């Protein structure tokens, strides 16, 4: 018989990174409730959601503070009989607010429909969904920002392709770091290198997309002007203390993490009038700067600064990647967990460890494995393990305890 379930879901929404959303659904099992809620989130174009906890509403107080949220959500579900979450979107505070909501639309983004990378056996030279973007038009010529550090001999492959290209490091740095420096390459849809750039499932040089993950740039500017433009961003200053930092803007992952939180001045400085597209094996997303009536194209851009909110976005993305890898490991080693349960446990382990000062990845993974094998309340049953939660002890000491127990499981 279906009962009301309540859960917490981490997701990214405009203005927030790693936002915690309370959701509820009538279902017979936790997994069924999670599936209902994920489908409802997808209807609202919230796709990057991870289930942190999902329990029967009556057990809510065992997991979170007794604030009545579980009872209120249960009442709403009983009255409406459907998935409900918007009413309680603010029931839990956002863990990290990246920027003001008003500045979260400085970059417009649209995912390319029907995109799929090339396979080694494909007869196409470029993915059909990207062909229009790659063709020269009134909107400009297509170039690619490429991180040569991702693949051995990639700089040599680019030079052998006979495509117009330039290293974005100047002087001695460009010579010494030739094989690891970012490059701007003018793409040609008929070039073998362009085809390989969008191909997966093969070792380099036939398949590069699994490693390279380029950023495409479409602009009416000349090649020389674009090179000068992007060279300004190879090193940027941190807003907080003014130190110089290397900026890996040539990575699609970096662009995906940065674009949603870019402030207006930085979006203007970085994009200019160009369009950019992040390309990975999974998706392609087109980005362009949003021009406002009170901030037109003629306003001189201010210097780009690496702000605290950008660091936070990068950190959140790294944590999400770690949780995904950890969840896969939890399933792979035979814990009996479903992948959704494993993701939930990985997320919980990250939160708990962060709260007690365990920051190293092997400490967090070890704690997650302990929970998988012994249950989340293992410390309550075994007093000697309570030292794991004691922040006064060094992480090395506590990690030794974790690994010692795992060695006997």
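Inside segment 387-396, residues that are surrounded by 12 or more Cβ atoms within 10 Å (Cβ to Cβ) and either part of a helix (DSSP H, G or I) or outside the structural domain of residue 356 (by TED's automatic domain parsing) (or both) make up a count of 4. With respect to residue 336, is the statement that it is under 28 Å from the mean Cα position of the chain (by Cα), within 26 Å of residue 51 (Cβ to Cβ) and assigned to a loop (DSSP other than H, G, I, E, B) true? Yes; evaluated as a whole, the condition is true for this residue. Of the residues making up segment 170-220, just one is touching a strand residue (DSSP E or B) at 6+ places or on another chain (Cβ under 7 Å), within 19 Å of residue 120 (Cα to Cα) and surrounded by fewer than 16 Cβ atoms within 10 Å (Cβ to Cβ), namely 206.
Residue 50 - would you say it is at pLDDT 60 or above, buried (at least 18 other Cβ atoms within 10 Å of the Cβ) and within 27 Å of the chain's Cα centre (by Cα)?
Details: at pLDDT 60 or above: yes; buried (at least 18 other Cβ atoms within 10 Å of the Cβ): yes; within 27 Å of the chain's Cα centre (by Cα): yes.
So residue 50 fits the description; yes.
Counting only residues that are assigned by TED's automatic domain parsing to the domain that holds residue 255, at pLDDT 95 or above and on the phi < 0 side of the Ramachandran plot, give me the strands (runs of 3 or more DSSP E) lying completely in segment 107-223 with at least 2 of them. Full working, then the answer.
On the way: elements: 107-111, 141-147, 165-167, 182-186, 215-219.
Strands (runs of 3 or more DSSP E) meeting the threshold: 141-147, 165-167, 182-186, 215-219.
Taking the conditions (1) in contact with a helix residue (DSSP H, G or I) (Cβ under 8 Å, 6 or more places away or on another chain); (2) assigned to a helix (DSSP H, G or I); (3) modelled with pLDDT under 90 in turn, residue 350 satisfies each one other than (3).
The selection criterion, being in a loop (DSSP other than H, G, I, E, B), in the same structural domain as residue 139 (by TED's automatic domain parsing) and in contact with a helix residue (DSSP H, G or I) (Cβ under 8 Å, 6 or more places away or on another chain), does not hold for residue 242. Of all residues being loosely packed, with under 13 Cβ neighbours inside 10 Å and part of a loop (DSSP other than H, G, I, E, B) in segment 361-386, which is modelled with the highest pLDDT? Just the residue, please. Top of the filtered list is 375.
The values are calculated or read from the model by the stated rules, or taken from the named source; none is laboratory data. Keep in mind it's a predicted model, so treat the numbers as computed, not measured. As a convention, Cβ positions derive from the backbone with ideal geometry for all residues, glycine included, and neighbour counts pool all protein chains shown.
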